[in-house]
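First the structure, in the form of structure tokens, and then the observations on it.
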Amino acid sequence: MIKEFYVSTEDRYQLIDITDRVEGVVRESKVKNGLVLIFVPHSTAGIILTENESGLKQDWLAVLEKLVSGFDFLHNKIDNNADSHILSGLLGQGKTLMIENNRLIRGTWQQIFLVELDGPREQRKIIVKIVEC
Amino acid sequence: MIKEFYVSTEDRYQLIDITDRVEGVVRESKVKNGLVLIFVPHSTAGIILTENESGLKQDWLAVLEKLVSGFDFLHNKIDNNADSHILSGLLGQGKTLMIENNRLIRGTWQQIFLVELDGPREQRKIIVKIVEC
Amino acid sequence: MIKEFYVSTEDRYQLIDITDRVEGVVRESKVKNGLVLIFVPHSTAGIILTENESGLKQDWLAVLEKLVSGFDFLHNKIDNNADSHILSGLLGQGKTLMIENNRLIRGTWQQIFLVELDGPREQRKIIVKIVEC
């Protein structure tokens, strides 16, 4: 089973909580036990699990910015988003989680986030694939 | 098949080799071919593969500390562990590996580690899910 | 289904596009729908998805080098590659992707790369496992 949905973003770097959307897909699938792969088919965005707390979301952006600051990127002569590509690759564009009894297994403080790294964008695609087993 | 076990940690940041525990779960499952997902349902811990060498384990901690030092984190006004959340998200809280002939596929220098990032903790839960295919 | 192939590398740090090789394995598998795990059984190499643009590949190396520079690594007294191990663990040694209608799901700018972090090496092994579901 595969399902897609879209998210719009407002800032160049932004964390957007997609936990409810992903859990909705799991519920509707009626799959009892299996794996779920949450994936963005983009190379300037990422998927992470972290706590949804407003201060922490800003802290994340500060760390991400520092990781790619102070460089004179060659790619920026073509397209001004070397930072976005590199952060996307560092965070990863997909996460695999477990389903048990039709529930996504995650910790209390593990919310699922799309990390926008080259926004704003009207449509960031998220693909959720559920594998029963 | 899903199995949980717990690990206690002693330091704020610490690498703990869980290879034997994970391989024990694989062996007991009797699954010949499939995938295994090793996951911590925590947002201040991670799972990595690296070599189990005492110097390298300390080198890891030095790099992790530097990644999150020099910031005035907003989240720390609520809970003093923004660093832990961010490192957990950077490392990832799960890894997917392969099983062939009931053996976990990994390189000689690839040991599986729980990375404690907000210890010490009495019980860090590790969930191992094995999918036959 | 599991398939291995080998890649030779020329530099200490290097990004090598393996998209065609992985897509060839998917095609030959004739699997219509499933998951594919691309994995290196090495602890001084990684797998990432990023754009195959020559400037960006150099930008990646600059960021990786900076992440592990300025340290006096203990592991280097034994083997001069603490940087390689740590970067390998940060990037991750495997990525899980989806297959739909016998095609690997990936974005236009998401090429699959082996990241050599302790080269040159004559043979870096890549293992591709495909799970039908």
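The values are calculated or read from the model by the stated rules, or taken from the named source; none is laboratory data. Please read all numbers here as calculations on a predicted model, not as lab measurements. Positions of Cβ are generated from backbone atoms using ideal geometry, with glycine treated the same way; all protein chains shown enter the neighbour counts. SASA here: full protein model, heavy atoms, side chains in, ligands and nucleic acids out. Shrake-Rupley method; radii C 1.70, N 1.55, O 1.52, S 1.80 Å.
Laid out as a table, the results:
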| read-out | value |
| --- | --- |
| Test: residue in the range B:78-100 that is open to solvent by 10 Å² or more (accessible area, probe 1.4 Å), of a type in the set (A, V, I, L, M), under 17 Å from B:Val31 (Cβ atoms) and away from chain A (no Cβ under 12 Å) | no |
| Where B:Lys30 falls short, out of the listed (1) open to solvent by 30 Å² or more (accessible area, probe 1.4 Å); (2) touching a Cys at 6+ places or on another chain (Cβ under 8 Å) | (2) |
| Single residue of the range C:33-75 satisfying the filter (of a type in the set (S, T, N, Q) and buried (at least 23 other Cβ atoms within 10 Å of the Cβ)) that is farthest from the other protein chains (Cβ to nearest Cβ) | C:Thr44 |
| Selection from the range C:104-124 of residues that are touching an Asp or Glu at 6+ places or on another chain (Cβ under 6 Å) and more than 9 Å from chain A (Cβ to nearest Cβ) | C:Leu104, C:Gly119, C:Pro120 |
| Cross-chain or 6+ apart pairs with Cβ under 6 Å, the range A:107-132 first and over 24 Å from B:Val36 (Cβ atoms), then in a loop (DSSP other than H, G, I, E, B) and charged (D, E, K, R) | A:Trp109/A:Glu51; A:Gly119/A:Asp11; A:Gly119/A:Arg12; A:Pro120/A:Glu10 |
| Pair list, Cβ under 7 Å, 6 or more apart: the range B:1-19 residue within 14 Å of chain A (Cβ to nearest Cβ), other residue open to solvent by 60 Å² or more (accessible area, probe 1.4 Å) and modelled with pLDDT under 95 | none |
| Residue tally, condition within 9 Å of the chain's Cα centre (by Cα) and not polar (S, T, N, Q), over the range A:84-99 | 4 |
| Residue satisfying condition, being aliphatic (A, V, I, L, M) and closer than 30 Å to B:Val36 by Cβ, within set A:Leu64, A:Leu56, A:Leu35, A:Leu74 | A:Leu35 |
| Residue in the range A:78-91 that is touching a residue at least 60 places away in the same chain (Cβ under 8 Å), within 30 Å of C:Cys133 (Cβ to Cβ) and of a type outside the set (S, T, N, Q) present | no |
